[in-house]
Amino acid sequence: MQVSVDRDRCCSSGMCVLNAPDDFEQDDQDGLVRLRQTAFRNERSADLRLAAELCPSGAILITEGDDPAAA
């Protein structure tokens, strides 16, 4: 599973941080989303998918597999 964020699309709602605080954080300067890590365990997939689904601006992208070029 690959997770990426588009900070240009982020509207700083914080839904990602509320639903997956171990995986996302908001920048102290501008409030935009940042990934807390680059590798994600399978047991985190439900929280990550929920955060992506609830993101009002669609700034979180989840792709299956380990190779981002294959997505």
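Between residue 61 and residue 28, with labels modelled 7 Å along Cα→Cβ, what's the label distance in nm to one decimal, could you check?
In this crude label model, residue 61 to residue 28 measures out at 3.0 nm.
Explain nothing, just compute: Karplus ³J(HN,Hα) = 6.51 cos²θ - 1.76 cosθ + 1.60, θ = phi - 60°, for every residue of the range 31-39 in order, whole Hz, x for Gly and Pro.
For the range 31-39, the Karplus-derived couplings read x, 7, 5, 9, 7, 7, 8, 10, 10 Hz, x marking Gly and Pro.
What's the longest bit of the chain with no exposed trypsin sites (Lys or Arg not before Pro), using DSSP loop states and at most 15 other Cβ atoms within 10 Å as the test? Walk me through the numbers before you get to the answer.
On the way: sites that count: 7, 9, 36, 41.
With a cap of 15 other Cβ atoms within 10 Å, the longest stretch comes to 42-71.
Once amide H atoms are built 1.01 Å from N in the peptide plane, which residues 5 or more positions from residue 24, or in another chain, come under 5 Å H to H?
Result for residue 24 returns 36.
Out of the total accessible area of the chain (probe 1.4 Å, heavy atoms of protein only), what percent is carbon and sulfur?
Working: 2030 of 4500 Å².
On the chain, the fraction of accessible area on carbon and sulfur atoms equals 45 percent.
Taking the chain as the reference, fit the longest principal axis to its C-alpha atoms, fit the long axis of helix 45-54 to the helix C-alpha atoms, and give the angle between the two in degrees, 0 to 90, nearest 10.
The angle comes out near 40 degrees.
Have a look at the range 18-67 and give its Rg and Dmax from the Cα atoms, expressed in angstrom.
11.0, 32
Rounded to the nearest 500, what is the chain's calculated 222 nm mean residue ellipticity when only DSSP H runs of at least 4 contribute -39500 (n - 2.57) each, over all residues?
Numbers: 2 runs with 15 residues, N = 71.
Theoretical 222 nm ellipticity from helices: -5500 deg cm²/dmol.
The values are calculated or read from the model by the stated rules, or taken from the named source; none is laboratory data. A quick note: this is a predicted structure, and the numbers were derived from the prediction, not measured. Reconstructed Cβ throughout: ideal geometry from the backbone, glycine too, with neighbour counts over all protein chains shown. To get the accessible areas, we keep the full protein, side chains included, count just its heavy atoms, and leave off ligands, DNA and RNA. Shrake-Rupley method; radii C 1.70, N 1.55, O 1.52, S 1.80 Å.
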